[in-house]
Amino acid sequence: MRHRATRFLHVLACAPVAVLLTASLAPSAHARAAAAPVPSTRPTPYVVAIDPGHGGSPDNDHPDQLFDPGSVAQNGLLEKDYALDTARRVRTLLQRDRVQVVMTRDRDEYLDISPRMETAIAAHARLFISIHGNSWTDPSANGSVVLYPNEDSHPFADRMSAALEQRLKPYTVPNDGTILRDNLWVHATMPSVTIEPMYLSNPHEADLLVRPDVRDALAAAVRDAIEGQDPAVLLRKRQIDAWLAAHPNGEQAAGGHGASPLTAAFAIPHGRLLLLAGVLWALWLVRRRLRPLSVHAARVALHTAGVAMAPLLSLRPVGRVEQALFRRRRRLARRRRLLERTRRQPHRRSVYDELWF
């Protein structure tokens, strides 16, 4: 009986070691697969502000409410709607590259110039892009143009103009270059541009702006210019990808995307404490089998389990449990000695037996 209990205790003590080895295999495989160095902490994403121009609709119940639809094409296209849809497409592309996108507006609402730039500054955006559409009294006017507020934004405007020219070439949209507009975005603290890729007053280009593939091309041009302007955008993407590869549960709790049960257990709150509770519960169930063992063997087994689980749990609860069990055994032994001593000696009656303390 003692031999079987000892063997069972050895198996139970080795179980945490097997759990530790299993848990350590997945992170090491991800770390080896990561091409970029893994940062110690998750890198902060690159922040870009996207500003859909114009916005707002008339409200008969509130006639004083401001609204600005922007230019209106002959085909019924509103500049505010095209700008918002294109901005959302830009956001989708940038988020795939781990960029944090701040939208000055994400619904049909009126905003003045100042709140738009204040939103970008408050978010610590490193680049600012405002999306508009051009318009002129002559319906034959066509082409794309990029506006910039100061010389600090000039290089970004050149890259944006080149990206628009490249992406719009299949649609035969001419490139009109860049124009300095020093009365626009005067409080910008980061490189800022305003893009006007086509004329809504031109029937042909207005029809192009309705097409989803053209809007996708515009969004890709904005993405290309942003990544060409600052190499830190793609560098930060590689760092975040490497960190997420080494920490599969960095973004979401486990369970989905093929996560193992062990990974799911450690992703939930207090998952490590639950694992420890399970081990202690197993020890409690086999307490009768452990009684024939010597105190020394039990302490060695508990110490082995504590050492094996310490790296996994990042704490030493087994040591505290061992100390509590040792104190309990000591109290029980002291109580037994007192009872035995009391049985050996006859009780002598005294006047103090009637007193309560």
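The values are calculated or read from the model by the stated rules, or taken from the named source; none is laboratory data. What you see is a predicted model; the values in this text were computed from it and never measured. Every residue, glycine among them, receives a Cβ derived from its backbone with ideal geometry; neighbour counts consider all protein chains shown.
Odds and ends about this structure:
- Filter pass, Leu235 being of a type outside the set (Gly, Ala, Ser), assigned to a helix (DSSP H, G or I) and without any contact (Cβ under 8 Å) to a residue 60 or more places away in the chain: yes
- Subset of segment 110-134 that is under 25 Å from the mean Cα position of the chain (by Cα) and part of a strand (DSSP E or B) - its residue that is nearest to Tyr82 (Cα to Cα): Ile129
- Unique match (being among the hydrophobic types (A, V, I, L, M, F, W, C), in the same structural domain as Tyr82 (by TED's automatic domain parsing), in contact with an Asp or Glu (Cβ under 6 Å, 6 or more places away or on another chain) and closer than 26 Å to Asp68 by Cα) among Met198, Met103: Met198
- Val173 vs. criteria touching a Phe, Trp or Tyr at 6+ places or on another chain (Cβ under 6 Å), surrounded by 23 or more Cβ atoms within 10 Å (Cβ to Cβ), not in a helix (DSSP H, G or I) and not basic (Lys, Arg): no
- Residue match in segment 184-194 (condition: assigned by TED's automatic domain parsing to the domain that holds His154, assigned to a helix (DSSP H, G or I), touching a residue at least 40 places away in the same chain (Cβ under 8 Å) and loosely packed, with under 15 Cβ neighbours inside 10 Å): no
- Looking across segment 316-334, just one residue is at pLDDT below 70, surrounded by 13 or more Cβ atoms within 10 Å (Cβ to Cβ) and out of contact with any helix residue (DSSP H, G or I) (no Cβ under 6 Å at 6 or more places or on another chain), and that is Val321.
- Matching option when the condition is at pLDDT 50 or above and crowded, with 16+ Cβ neighbours inside 10 Å, among Leu66, Leu93: Leu93
- Candidates Gly76, Gly55, filtered to the one that is surrounded by 16 or more Cβ atoms within 10 Å (Cβ to Cβ), outside the structural domain of Thr304 (by TED's automatic domain parsing) and either at pLDDT 95 or above or more than 19 Å from the chain's Cα centre (by Cα) (or both): Gly55
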